[in-house]
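I have placed the structure first, in the form of structure tokens, so that the comments after it can refer back to it.
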Amino acid sequence: MKQSNIINRNFFRLLRAGAFEEIEDVEPMSTFKWKRLIQIADVQDVLPFIAQGFHRYENDQNLTVSPTLQQELKLLSSMRVPDVSTSTNTIEQMEPQFSNFFLKRKQKKLLQKELNSEEYSQETVQMLHIIIYNINQTLTKGISLNGIIEMGRYLRTKGNRVDFVKLEQWLHSLGVMRLASLQGSILIDIFHFDLSEIPFMGKEEKGAANLTQRSLTHTASDTAENWHFRMRTNGMVENNSRVLRRNLRRSVRYFRYNPFETTSNFLANFAKSLSEIEE
């Protein structure tokens with residue numbers, strides 16, 4: 001994070017304050033930059049945590065903003081951070097699955113076996129769901145700070161009930177240990193977790209902070225121009241080459257973490273884009 005700009009630095013400070021009650025000194029910024037920070041939070045789906053962060057810093061002189069922005073912050077302050085159980089249930093209801101057929105089948109067998117086990121662990125299954133959800137988000141859109149925060153909150157509130165030996169076996173069996181360790185590394189590098197708080201982690205991924213910064217920079221562009229294919233008035237299909245190249249670069253970036261799932265995810269999203277052509 002050595003090269004992060006002032007907006008990103010304050011963004012992560014507010015995020016750590018709102019999500020994990022970690023208070024650090026913020027740096028003074030212009031109204032334009034504070035508004036840009038809020039826009040980034042909206043795109044990253046972490047506004048409730050940023051709003052809570054602003055609330056914790058409300059008496060900080062470096063957070064002096066214009067009257068107009070003060071009104072926006074008052075509206076933000078009404079947002080409440082969701083309960084961990086509610087967030088986890090939402091992710092479970094999505095039934096996150098792998099894109100790769102073989103991984104998906106292995107995941108289904110693994111969970112079915114666990115469901116029939118006398119030592120069934122709901123918290124361990126929920127932890128796996130969070131990890132798979134984050135893998136899907138990362139490969140499809142870039143690193144999801146919302147999902148990473150949910151992982152951190154879950155570890156700190158329910159981690160004592162997770163069977164980490166079993167979870168680690170599952171991650172190895174599914175071949176996604178590096179992708180899971182990448183998520184843990186983000187918790188360490190960005191949110192200042194200790195390695196001891198993430199027992200399932202394999203080797204720490206040194207590029208986690210840079211990948212997070214990159215996702216933060218590019219997510220807004222992805223969202224502003226998220227169409228891949230659309231039908232022109234003459235009936236021809238138009239391809240958005242910039243979005244396609246960006247998604248291809250993202251897949252190449254994460255290819256080394258799991259070649260099979262990364263490739264399958266790219267092809268699945270490509271096919272989905274073709275099936276959703278705007279007419």
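The values are calculated or read from the model by the stated rules, or taken from the named source; none is laboratory data. What you are looking at is a predicted structure, and each value in this text was computed from that prediction instead of being measured. When we count neighbours, we look across all protein chains shown, and the Cβ atoms used for this are built from the backbone with ideal geometry, even at glycine. In case anyone asks, the SASA skips ligands and DNA or RNA and just uses the protein heavy atoms, side chains included. Shrake-Rupley method; radii C 1.70, N 1.55, O 1.52, S 1.80 Å.
Quick one: work out Rg over Rh on the C-alpha atoms of the chain, Rh as Kirkwood radius.
Details: Rg = 19.9 Å, Rh = 20.1 Å.
Using only Cα positions, Rg/Rh for the chain is 0.99.
Separation of the alpha carbons by more than 23 angstrom is noted, of LYS106/LYS166; LYS33/LYS74; LYS106/LYS158; LYS141/LYS272; LYS113/LYS141; LYS104/LYS272, for LYS106/LYS158; LYS113/LYS141. The fraction of accessible area contributed by carbon and sulfur in the chain is 49 percent, rounded to a whole number (1.4 Å probe; ligands and nucleic acids excluded).
Note on the chain: dipole from Cβ charges, positive end direction compared against PRO48, GLN137, THR88; the farthest Cα belongs to GLN137.
Treating only the Cβ of Lys, Arg, Asp and Glu as charged (+1, +1, -1, -1), what charge dipole size does region 1-152 show about its Cα centre? Round to the nearest 20 debye. Intermediate results must be reported in sequence, preceding the final value.
Details: 17 positive and 18 negative charges, 146 e Å.
My answer is approximately 700 debye.
Projected over all directions and averaged, the alpha-carbon convex hull of region 1-137 occupies 10.6 nm². Under the classification rounded if a/c is under 1.5, otherwise prolate if a/b is larger than b/c and oblate if not, where does region 116-207 fall, given a ≥ b ≥ c as square roots of the Cα gyration tensor eigenvalues? In terms of gyration-tensor shape, prolate.
Distance from the alpha carbon centroid of region 17-32 to that of region 97-120 works out to 41 angstrom.
Long hydrophobic helices in the chain, taken as whole DSSP H segments with a C-alpha length of 30 Å or more on their own axis and mean Kyte-Doolittle hydropathy at least -1.0, are absent.
The order of the peptides 259-267, 123-131 by mean Cβ neighbours within 10 Å, most packed first, is 123-131, 259-267.
Summing -39500 (n - 2.57) over the DSSP H runs of n ≥ 4 in the chain and dividing by its residue number, what mean residue ellipticity at 222 nm do you reach, to the nearest 500 deg cm²/dmol? Intermediate results must be reported in sequence, preceding the final value.
On the way: 13 runs with 180 residues, N = 279.
Mean residue ellipticity at 222 nm (helix-derived): -21000 deg cm²/dmol.
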